[in-house]
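As structure tokens, the structure follows; a few thoughts come after it.
Nothing in this text is a laboratory measurement; each read-out follows from the coordinates by a stated rule. As the structure is a prediction and not an experimental result, all values here were calculated from the model. Positions of Cβ are backbone-derived with ideal geometry, glycine not excepted, and every protein chain shown enters the neighbour counts.
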Amino acid sequence: MKFDPATRIQTLKQFGEFGGVNPSITDSSTFTFLEANTMEDTFHGEAEGCFLYSRHWNPSNKYLCDALSAMEGTESAWVTGSGMAAITTAILEICNSGDHIISSMTTYGGTFAFLKNYLPKFNIEVTFVDITDLDAVKQAIKSNTKLVYTESVTNPLLQVSDIPELSRITREHDLQLVVDNTFTPMIISPAQLGADIVVYSMTKFINGKNDCVAGAICASNDFINAMIDVNNGTAMLLGPVLDPLRSSSILKNLHTLHIRMKQHSSNALFLARKFKGLGLKVKYPGLDEHPEHELLKRQMNQGYGYGGLIAIDLDSAEIANTFMEKMELEDVGYLAVSLGYFKTLFSCSGKSTSSEVPEEFQQKMGLSEGLVRFSVGLDNDIEYSFERIKKCLNEMNLIDEEKLQQI
Ligand code: PLP
């Protein structure tokens with residue numbers, strides 16, 4: 001049977017201790033034992049099914065982790081207080097001082113800043129490459145390289161990573177492939193394509209409500225157990241764990257993720273086609289002319305579309321800003337960072353979520369200062385939303401008369 005993330009979640013049986021259809025919330029930081037010996041065994045990871053302390057494991061976190069590992073097809077998962085906590089914990093678990101990382105040049109700005117500005121403190125060196133250039137990835141490998149880091153679909157340029165090929169390269173050189181799948185949950189299943197570790201900002205599509213920040217690491221049992229080892233584990237010792245109350249609310253939202261992804265994707269495809277029709281410079285991996293359109297088609301699970309993110313290049317930050325302010329007034333959505341919300345969100349990436357990336361790098365990766373990133377919402381009437389956007393473009397003379405008549 002083909003791998004389908006939504007069906008894997010649907011067939012989970014998770015219920016509360018009194019038969020509640022939602023698992024009970026374990027609102028406890030510590031756990032009691034009837035026998036002192038069992039506590040000692042739990043400390044050493046030798047007591048199956050026992051909980052010790054919630055920085056390590058908590059039953060509510062475990063329910064969410066079981067659902068996430070089912071969705072990804074990984075042996076295990078662990079949830080964190082933010083996407084950045086997931087990313088930094090996974091990287092610091094793999095790398096020691098003196099190691100080397102190869103990373104996609106286009107990543108979320110916070111990730112870029114961590115790799116470029118923060119890791120040198122630990123004498124960890126990072127080489128940034130164009131992740132679509134597999135020769136560049138191979139050439140960057142050194143004797144001390146430990147991992148290759150990328151995003152399935154990159155933020156904000158929407159390049160698509162070739163996960164099977166990257167995995168072939170990393171396996172050949174005994175490296176770990178870490179993939180941030182924040183933009184494409186359910187659409188892409190990186191672990192099924194050969195990624196060793198999948199990280200998420202659950203703040204975005206997975207939770208979908210913008211009411212919290214959260215993250216996840218999906219990986220093998222060995223990796224997760226090493227991360228929470230009481231003596232050496234990065235997660236256990238840095239303490240980035242997610243609060244169990246949040247885990248329980250995210251788990252309920254996870255059960256509607258498949259429906260939301262389909263709607264985000266179909267709305268985004270509609271808008272991307274219309275933007276193209278208006279002659280705008282549009283990036284959307286669902287359009288035939290996107291350089292990695294075929295690659296995405298080969299990697300994606302069927303039925304969830306091409307994702308909810310679109311970028312359009314309006315050349316200057318000034319034009320982009322005026323356009324976004326107009327769209328907010330016209331009720332298209334909100335001028336806000338973040339993504340995966342039920343309303344459409346838009347921001348000028350170079351001046352916001354990628355502002356940590358120095359201008360020299362922005363130019364190298366082709367990030368224009370006028371790039372507006374849309375996280376397309378769950379709008380019931382996307383044609384109406386398009387009419388509002390068209391009105392804003394028209395008022396700013398950003399589309400020519402002829403194109404306006406045709407569309
Ligand atoms: N990864 C990606 C692709 C992101 O877009 C973001 C935030 O925008 C993050 C990670 C960081 O997530 P969080 O804000 O939950 O720490």
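Comparing LYS297, LYS351, LYS13 in a Gaussian network model of the chain, where Cα atoms under 10 Å apart are tied by springs, the biggest mean-square fluctuation is seen for LYS13. Run the simple label-point estimate for ALA317 and CYS50 please: 7 Å along Cα→C-beta, distance reported in nm. Modelled inter-label distance: 5.7 nm. Relative to the longest principal axis of the Cα atoms of the chain, helix 317-329 runs at roughly 80 degrees.
Nearest 0.05, what FRET efficiency do PHE18 and ASN232 give at R0 = 51 Å with Cβ-Cβ as r? The pair PHE18/ASN232 has a calculated efficiency of 0.85. Partners of LYS262 within straight-line reach, counting aspartates and glutamates whose Cα lies under 16 Å from its Cα and excluding those fewer than 8 residues away in the same chain: ASP4, ASP379, ASP381.
Fully extending the segment from GLU360 to LEU134, taken as 0.36 nm per residue of separation minus the present Cα-Cα distance, adds 79.1 nm.
Based on C-alpha pairs under 8 angstrom that are at least 6 apart in sequence, the chain has a relative contact order of 16 percent.
Highest mobility in the GNM of the chain, judged by mean-square fluctuation with C-alpha springs under 10 Å and restricted to HIS264, HIS56, HIS173, is found for HIS173. Compared with the dominant Cα axis of the chain, that is its longest principal axis, helix 83-94 is turned about 50°. By the gyration tensor of its Cα atoms, with a ≥ b ≥ c the square roots of the eigenvalues, what is the shape of the chain: rounded for a/c under 1.5, prolate for a/b over b/c, or oblate? Prolate, since a/c reaches 1.5 and a/b exceeds b/c.
The H on the amide N of VAL129, modeled in the peptide plane, is under 5 Å from the matching H of SER103, SER104, MET105, each at least 5 residues off or on a different chain. Lysine pair count for the range 5-254 with Cα-Cα distance under 27 Å and sequence separation of 8 or more or different chains is 17. Test of the criteria: in the range 265-323, which GluC sites (Glu not before Pro) are in a DSSP loop and have at most 16 other Cβ atoms within 10 angstrom of their Cβ? Here the sparse-neighbourhood loop sites are GLU289. With R₀ set to 25 Å, the beta-carbon distance separating ASN144 from ARG171 gives a calculated FRET efficiency near 0.90. Of the GluC sites (Glu not before Pro) found in the range 36-67, those in coil by DSSP whose Cβ has at most 14 other Cβ atoms within 10 Å are GLU46, GLU48.
Under the combined filter of DSSP loop state and at most 16 neighbouring Cβ atoms within 10 Å, the range 337-366 retains these chymotrypsin sites (Phe, Trp or Tyr not before Pro): PHE342.
Taking amide H atoms as placed 1.01 Å from N in the peptide plane, list the residues 5 or more away in sequence, or in a different chain, whose amide H sits under 5 Å from that of LEU242. When sequence neighbours closer than 5 places are left aside, the close amide H contacts are VAL79, THR80, GLY81.
Using a Förster distance of 25 Å, how high is the FRET efficiency between ASN225 and ASN117, based on the Cβ-Cβ distance and rounded to 0.05? Don't skip to the answer; put the middle values down first.
Details: r = 31 Å, r/R0 = 1.22.
E(calc), rounded to 0.05, equals 0.25.
Residues considered: ARG55, ARG246, ARG298. Largest GNM mean-square fluctuation over the chain, using C-alpha springs under 10 Å, is found at ARG298.
Helices in the chain, meaning DSSP H runs of at least 4 residues, each add -39500 (n - 2.57). Divided by all residues, the mean residue ellipticity at 222 nm is -11000 deg cm²/dmol. Distance between the C-alpha centres of the range 269-325 and the range 128-181: 23 Å, rounded to the whole angstrom.
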